[in-house]
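Structure first, then comments.
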Amino acid sequence: MNRIDKLFREKKEHILSVYFTAGFPDIVATAGIVKSLSEAGADMVEIGMPFSDPMADGPVIQKSNETALRNGMNIKKLFVQLQEIRNEVDIPIILMGYLNPVMQFGFENFCMKCSETGIDGVILPDLPPQVYIEEFQGMFDRYGIYNILLISPQSDEKRIHEIDYISRGFIYMVSSSGVTGAKGSCSQDQIAYFDRVRKIKLKNPCLIGFGISGHDSFAEACKYSSGGIIGSAFVNLLREKGYSADVINQFVKSIRG
Amino acid sequence: MKYSVDDRGYYGEFGGAFIPEMMYPNVKELQDNYLRILNSPDFISEFHSLLKHYVGRPSPLYFAPRLSEFHNTKIYLKREDLNHTGAHKINNTVGQILIAQRLGKKRIIAVTGAGQHGVATATVCALMGLKCVVYMGETDIARQEPNVLRMKMLGADVVPVVSGNRTLKDATNESIRDWISNPSDTHYIIGSAVGPHPYPDLVTRLQSVISEEMRYQLLEQTGKSDPDYIVACVGGGSNAIGSFYHYLNNENVKLVGVEAAGKGISTGETAATLVTGRPGIIHGSRTILMQDEDGQITEPYSISAGLDYPGIGPAHSFLHKTGRVIYGNVTDDEALEAAFLLTRLEGIVPALESAHALAWLGKTRFRTGDVVVVTVSGRGDKDMSAYIKYMNTRDSEENSYGSK
Ligand SMILES: Cc1ncc(COP(=O)(O)O)c(C=O)c1O
């Protein structure tokens, strides 16, 4: 069974997923960060594949992408670094990135490598659902890789149903109209949107991401969905305090509170 | 039409709309409405009235006698440089501002490299009283000061972009982020035939006025509406596709797009996308782009700020692949030389971008009677500092030859 399904079967709420960029803050950090996150009690990790033009990301993740590229990170190296990861880590791992580097790596090759390495899903924000269905769904299915799709406050009910229909694992619910980046608490508009989505009967669970920065906003996200995704706040931590097991452990504990 | 966009937004394998879900409602709204608006009588009459009385169209088609003699053929210049604001960019911004109004948008965003599209956008925003935000890389702001000042005088908010290399590509990412963050009241005026569907088709249709006029102007002046060649420079490809549009299915007319080779196509400092690039995804479109082996988009180089884009409009990728259009390229130095040649022979100072199209003439052998139309996409005022620098180095070289 795909580890994402297993997670959502065993756990219905307070799911914590943490994002960071591969090759940041240094080129050898990646596997260690995954392991520490898992040991600290994160339920899932999202590893960013750095890209020169991350158009859905705010300043913090843009910078981590730039640093990672300067450090020489690429998809090929990432798969090598993750080769042994399944000997040590059992939580679901998702790769997140943009379409062009994956296309150049080769989609089929990419899916095959994901499957060999024990990657459970991918998030490619600039791969539209329609193109996914027409060109890639068969390949993803063949290798057992889940393509996680996004919904946003602008997605209407019909669109959300369409996305739910082709989604597997979970739906990534973008919290507000904006790019990634840590923000404060939720506005009235956001709460109305969360409520609107909650009332739609979906076959997939939702996780809320974008703008979740700490204990309070995570708790807020958990009120309206199965859990939350933290990105920029964690990348900031890595930049400021490094990636020792202690630092990561304290961070995860502070989120869960 | 064989070379038009299909109903899914593709030109063969190129095009499409590779956008994050957060942008979907905006792009979908435009996809669903642009043809209806473009074909509506009130749009057509307002657009044509503005093109005539505000932009100054039709732009002249000028027979250039001395340049013709120099190249031993018949050269006609399509004078987009005489448009209000000094380039073809205004054809597109006038059309898009009318669309934005009809979609009820209150705020306009745009990206500019050389500043020509920024000025053209700020101009129509002033005209219509809409708020205007222009994203521009910090590096470009420094090297295009006169246009930055014009935009500010026109009331635009010019936002310096400090991410990445601080040029056009990074400013484009920033404007996409703005649109994601302002999903209901904002229209994004893209300045070339690039980006997600429907932009390449929308911009093409708005710029197609260039070849529409060319047809009847040629008929009047030569007795035939078909020339032997049409030559235009290609950055994203809007003046070129507008110049080609009404001739695409007429295979007797040779169409030539000229890319910027920068310091030379094998130097790494180039913007000749079709020579050095390969298919991928850039800014929402599947097209040919300059990238490294990992699929990271690389920074282009050209002396001309309007041509140094790492991608090219998807229609051009398709026209290149099918062989319908011939694509050449021209170096910085060849372009500079061509700019001086036109200036000295015809008294017309072209934009550096347009000088690339003119320089291609020197690399081709024509038959004596060939009718060649070159689109002069813009005027050279913005490029005076590059021209003066070139003039000074050339003069000092000539002096040193003289003394030997
Ligand atoms: C005068 C002029 N010509 C050409 C271009 C290139 O754009 P396109 O290829 O879309 O015509 C620009 C862009 O700034 C320009 O200012």
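The values are calculated or read from the model by the stated rules, or taken from the named source; none is laboratory data. Worth saying up front: this structure is predicted, and the values here are computed from it rather than measured. Here Cβ is always computed from backbone atoms with ideal geometry, including for glycine, and neighbour counts include all displayed protein chains. Ligands, DNA and RNA are stripped out before the accessible areas are found, and what is left, the full protein with its side chains, is counted by its heavy atoms. Shrake-Rupley method; radii C 1.70, N 1.55, O 1.52, S 1.80 Å.
Can you pull out every residue in region B:278-304 that is closer than 12 Å to B:Gly262 by Cβ, within 16 Å of the ligand (Cβ to nearest atom) and in contact (Cβ under 8 Å) with a residue 24 or more places away in the chain?
Scanning region B:278-304 gives B:Pro300, B:Tyr301, B:Ser302, B:Ile303, B:Ser304.
Would you please name the residue that is nearest to the ligand (Cβ to nearest atom), looking only at residues in region B:56-86 that are under 19 Å from B:Trp360 (Cβ atoms) and among the small types (Gly, Ala, Ser)?
B:Ala64
Matching residues to (1) open to solvent by 20 Å² or more (accessible area, probe 1.4 Å); (2) of a type in the set (Asp, Glu):
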site	(1), (2)
B:Asp185	yes, yes
B:Ile210	no, no
B:Gly223	yes, no
B:Tyr247	no, no
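Name the one entry in A:Leu202, A:Leu150 that is touching a strand residue (DSSP E or B) at 6+ places or on another chain (Cβ under 9 Å) and within 28 Å of A:Gly106 (Cα to Cα). Before you say what the answer is, go through the steps one by one.
Numbers: A:Leu202 fails: within 28 Å of A:Gly106 (Cα to Cα).
Just a single option satisfies the conditions, and that option is A:Leu150.
Inside region A:87-127, can you point out the residues that are facing another protein chain (nearest Cβ under 8 Å) and open to solvent by 20 Å² or more (accessible area, probe 1.4 Å)?
Kept after step one, since they are facing another protein chain (nearest Cβ under 8 Å), are these residues of region A:87-127: A:98-105, A:125-127.
Answer for region A:87-127, where residues must be facing another protein chain (nearest Cβ under 8 Å) and open to solvent by 20 Å² or more (accessible area, probe 1.4 Å): A:Met103, A:Gln104, A:Phe105.
Mind checking which strands (runs of 3 or more DSSP E) fall wholly inside region B:237-303 and carry at least 1 residues that are closer than 30 Å to A:Phe107 by Cβ and away from chain A (no Cβ under 14 Å)?
By residue number, B:254-262.
Every residue, every condition in (1) under 30 Å from B:Glu13 (Cα atoms); (2) more than 16 Å from the ligand (Cβ to nearest atom), yes or no:
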position	(1), (2)
B:Gly313	yes, no
B:Lys321	yes, yes
B:Val325	yes, no
B:Leu341	no, yes
B:Val371	no, yes
B:Gly378	no, no
B:Asp381	no, no
B:Met384	no, no
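Could you please find all residues in region B:55-73 being open to solvent by 70 Å² or more (accessible area, probe 1.4 Å) and closer than 21 Å to B:Glu212 by Cβ? Don't jump to the end; show me each part of the working.
Going through region B:55-73, the residues open to solvent by 70 Å² or more (accessible area, probe 1.4 Å) turn out to be B:62-63, B:66, B:69-70, B:72.
Result: B:Tyr62, B:Phe63.
Given the structure, is B:Gly257 on the phi > 0 side of the Ramachandran plot and touching a strand residue (DSSP E or B) at 6+ places or on another chain (Cβ under 7 Å)?
no
Are any residues in region A:128-159 facing another protein chain (nearest Cβ under 10 Å), among the β-branched types (Val, Ile, Thr) and under 19 Å from the mean Cα position of the chain (by Cα), and if so, which ones?
A:Ile151 - this is the single residue of region A:128-159 that is facing another protein chain (nearest Cβ under 10 Å), among the β-branched types (Val, Ile, Thr) and under 19 Å from the mean Cα position of the chain (by Cα).
Evaluate region B:331-352: report whether one residue or more is without any contact (Cβ under 8 Å) to a residue 40 or more places away in the chain, in contact with a helix residue (DSSP H, G or I) (Cβ under 8 Å, 6 or more places away or on another chain), open to solvent by less than 20 Å² (accessible area, probe 1.4 Å) and of a type in the set (A, V, I, L, M, F, W, C).
The answer is yes; a qualifying residue exists.
Mind listing just one residue for me: the one in region B:99-117 that is farther than 24 Å from B:Pro146 by Cα and touching a helix residue (DSSP H, G or I) at 6+ places or on another chain (Cβ under 6 Å) and, of those, farthest from the ligand (Cβ to nearest atom)?
The residue in question is B:Arg102.
Looking only at region A:57-77, count every residue that is open to solvent by less than 10 Å² (accessible area, probe 1.4 Å) and either β-branched (Val, Ile, Thr) or in contact with a strand residue (DSSP E or B) (Cβ under 9 Å, 6 or more places away or on another chain) (or both) and tell me the total.
Of the residues in region A:57-77, 5 are open to solvent by less than 10 Å² (accessible area, probe 1.4 Å) and either β-branched (Val, Ile, Thr) or in contact with a strand residue (DSSP E or B) (Cβ under 9 Å, 6 or more places away or on another chain) (or both).
Among (1) within 16 Å of the ligand (Cβ to nearest atom); (2) open to solvent by less than 10 Å² (accessible area, probe 1.4 Å); (3) closer than 19 Å to B:Ala171 by Cα, which single condition is B:Gln96 missing?
Unmet condition: (3).
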